[in-house]
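Only one structure is covered here, and it is reproduced in the block below.
Just so you know, all these numbers are worked out from the coordinates, no wet-lab data involved. No experiment lies behind these values; they were computed from the predicted model shown. Glycine also receives a Cβ, built like all others from the backbone with ideal geometry; neighbour counts cover every protein chain displayed.
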Amino acid sequence: MEKGPTITGRTDEVKMEPILRAENLSKWYNAGRPDEVRAVEDISLEIYENQYVVLYGPSGSGKTTLLSLIGTLDRPTRGQIFLYGRDITEFSDLELSRIRRQTMGFVFQSFNLFSGLSAWENVSYPLIPMGVTTTDRFERAKFLLERLGLGDRLDHSPEELSGGEQQRVAIARALVNHPHILIADEPTSNIDTDSVERLLEILTGLKEEGKTIIVSSHDPVIKSRAEVLFTLVRGRLKGISYGENE
Amino acid sequence: MDLPRPLIFKNLLFAACGDLIRHRGRSFVVTLCLVAILFPLVTALAISEGLRFQAEISIGEGADFYVSEDRYGGNGPISLDYQSKLSGLQGVSRVMSRVVGRTYFVDRLIAVVGLEPEALPALKPLVRGEVPKAPGEVLLGQGIARAFKIQVGMPFSLGANPHKTFKVTGILSPACLWSSDLMVMGHRDANEFFRIKGFSTQLLIYTSSDSSPLVGKPLIGPSDPGRPQVPHLRVEDRYHIQERVRAAFAHKGGIFIILYIIVATLAIQAFLITSGFGLRAMEKEIGVMKAIGWRTSEMLGKIGLECLAISLTALSSAILLSMALTRGLNGILIAQFFVAEVGLVPEVDIPSRYLPLHGLLGLALALCITLSGGLLSAWRKAQRSPAELMR
């Protein structure tokens, strides 16, 4: 399985453009100060369409920071990010919002659902500023929640749901805009074992539908399902390996 | 900023209202603070407008011209001889004399008005008791009567002229604030009391409505500017007095509003700086919203609508509370802050008038507060990356 460190996540010889490419990406916090932290240091990688990519590493290895950078949630201190061949590093706030709205869906480690809103309201929240009617928003949220096995939890608020259920609501929210790329940060860290199995099924299903899945995790179960595994140690890319499905 | 299409606007409005309900604790505290800020403004404006309106009614129902003698540039008593002279002017229907002065009723400064006997019966609807008919009979304002526990029929004398004894025949109704500290008596009694026999402090000229300009011209508009016809008389017409009253209220109102806004602004800033109320939760929500695809302009639109909704709610509450206190409870506890010499429990009716303009002023202030507190800080936060906001 091990093929040695390389910057590319593609193994076949057919020339394809990566949908996401990072070049010498670095993220430093408190740069230039005594308490400077180099969370991500000089990472280059490529991610191709419809891959199941796992950023693997121990706590503090920079997985979440790297995920934030390639997910346009944060700006790098150095380096460049290319999405569908376009350098998005210097994109304006508005352009980045458009990317997040149209191309990417996020599942956060602590889910970040809005308390006090029902499951369907949480799922449909990204559609509010897009001028989608309440009826259509409900229908789209209902469809996704039913697909994820939460058809009977539409009106439940996050406080009334288990960790696994909250995560599925968060996945449904990430999918409501039909993104090409689904990004999940430590998806197994706040759920039980049964929910992990279910999560893996969902992610595999989404991959089969054509979505690109990028997951950060230190969980061996997640690691075992990876098509492409980027291993991070202390903010640096230490290796890339390929799963059996690749 | 993108202009929201109607459906986006509707969605944002519903989302804003929903979020206000979702964060009901924070919404309640913010609304409460706004009500506390808006309530004094709304109440002060309403009472001030009520007072001004009452004053204008009084002036409107009064004489067309007020004549007194010029004493070194000020108003001085005018000889009653002028009464017959002025009556002969074209268009004059009636000339009444009136004595107006101030004196102490024990330790309370009161106004004394002496009216001609034929003017007194007109006060009957405003009096509990009888109007004065004989010399020495007076009417007292509600405020004085309550303060000194004076009943109808009681005799009294005043320190300014202890030899003259008065008898109370009636108490003026509390309906008018101006009559609270007022003593009304016959013209002759007032002449004696102030020791100005043969004089009056004012002559009131009534005219037929279309004759006013004709009367005004010979009195105040000399044909030859260098040679005034009646140079030692001071004449003011009703409109002049109305303008002065309006200007005085506008001046006082303006000063109050400026002082109020300065104090309110300082208080608000202090509140925002010291409390930091709900900012952390707001910061995280902004981060999540940005991460799931909301644009900064859309977030600001939603927060702006939240500010509008909360401002309207607070303003409506402040107006309702103010109305309940001024009209339902006659300004109990609060009138003393806006009307001089009125106690915790006002003894007279406190006038109040609520105008749409006051509502707009209150709304503008509420929006300034909420937008500077909500929109500005949200905009500043939205400049940061979603990852930083959610951290």
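Brief remarks on what is shown
- The calculated 222 nm mean residue ellipticity attributable to helices in the protein assembly as shown amounts to -13500 deg cm²/dmol, summing -39500 (n - 2.57) over DSSP H runs of n ≥ 4 and dividing by all residues.
- Global size of chain B: 29.5, 91 Å for Rg and Dmax (C-alpha atoms, Rg to one decimal, Dmax whole).
- The distance linking segment A:24-83 with segment B:107-128 is 88 Å (Cα centroid to Cα centroid, whole angstrom).
- Förster radius 60 Å - calculated FRET efficiency between residue A:130 and residue B:344, Cβ distance, rounded to 0.05: 0.60
- Amide H contacts under 5 Å for residue A:239: A:231, restricted to partners 5 or more places along the chain or on a different chain, H placed in the peptide plane at 1.01 Å from N.
- Residue B:368-residue B:7 FRET efficiency (beta carbon distance; Förster radius 30 Å; 0.05 resolution): 0.55
- Applying the criteria of a DSSP loop state and at most 16 other Cβ atoms within 10 Å to the GluC sites (Glu not before Pro) of segment B:112-164 yields B:130.
- Leading residue at positive end of dipole, the protein assembly as shown (Cβ point charges), from B:378, A:22, B:294: B:378
- The length gained by stretching the chain between residue B:232 and residue B:263 to full extension, at 0.36 nm per residue less their Cα-Cα distance, is 6.4 nm.
- Highest-MSF residue in chain B out of B:126, B:360, B:45 [GNM, Cα springs under 10 Å]: B:360
- Cα-centre dipole for the protein assembly as shown with unit charges at Cβ (Lys and Arg positive, Asp and Glu negative), debye to 20: 1780 debye
- Listed peptides A:46-58, A:163-175, B:29-41, B:11-23 by packing density, highest first (mean Cβ within 10 Å): A:163-175, A:46-58, B:29-41, B:11-23
- Across peptide A:106-119, the mean count of Cβ atoms from other chains lying within 10 Å of each residue's own Cβ comes to 3.
- What the phi angles of segment B:109-114 give under the Karplus curve with 6.51, -1.76 and 1.60, with θ = phi - 60°, is a coupling list of 6, 10, 9, 10, 10, x Hz, glycine and proline written as x.
- Low-density loop cleavage sites - GluC sites (Glu not before Pro) in segment B:1-110, where at most 13 other Cβ are within 10 Å (DSSP): B:61
- Averaged over peptide A:126-137, the number of partner chain Cβ atoms lying within 10 Å of each residue's Cβ comes to 5.
- Each residue of segment B:370-387 is assigned a 3J(HN,Hα), and the resulting list reads 5, 5, 5, x, x, 5, 5, 5, 5, 4, 5, 5, 5, 6, 8, 6, x, 4 Hz, derived from the Karplus form 6.51 cos²θ - 1.76 cosθ + 1.60 (θ = phi - 60°), x at Gly and Pro.
- You can think of it this way: the chain between residue A:192 and residue A:208 has 3.3 nm of extra reach, that is 0.36 nm per residue less the Cα-Cα gap.
- Over 22 Å between alpha carbons, listed pairs B:10/B:290; A:27/A:211; A:142/B:302; B:302/B:381: A:27/A:211; A:142/B:302
- Förster radius 60 Å - calculated FRET efficiency between residue B:122 and residue B:26 (Cβ-Cβ, nearest 0.05): 0.55
- Build a GNM of chain A with springs between Cα atoms under 10 Å apart, and of A:158, A:34, A:179 the one that fluctuates most is A:34.
- Estimated distance in nm for a label pair at residue B:242 and residue A:77, the labels positioned 7 Å out from Cα along Cα-to-Cβ: 7.5 nm
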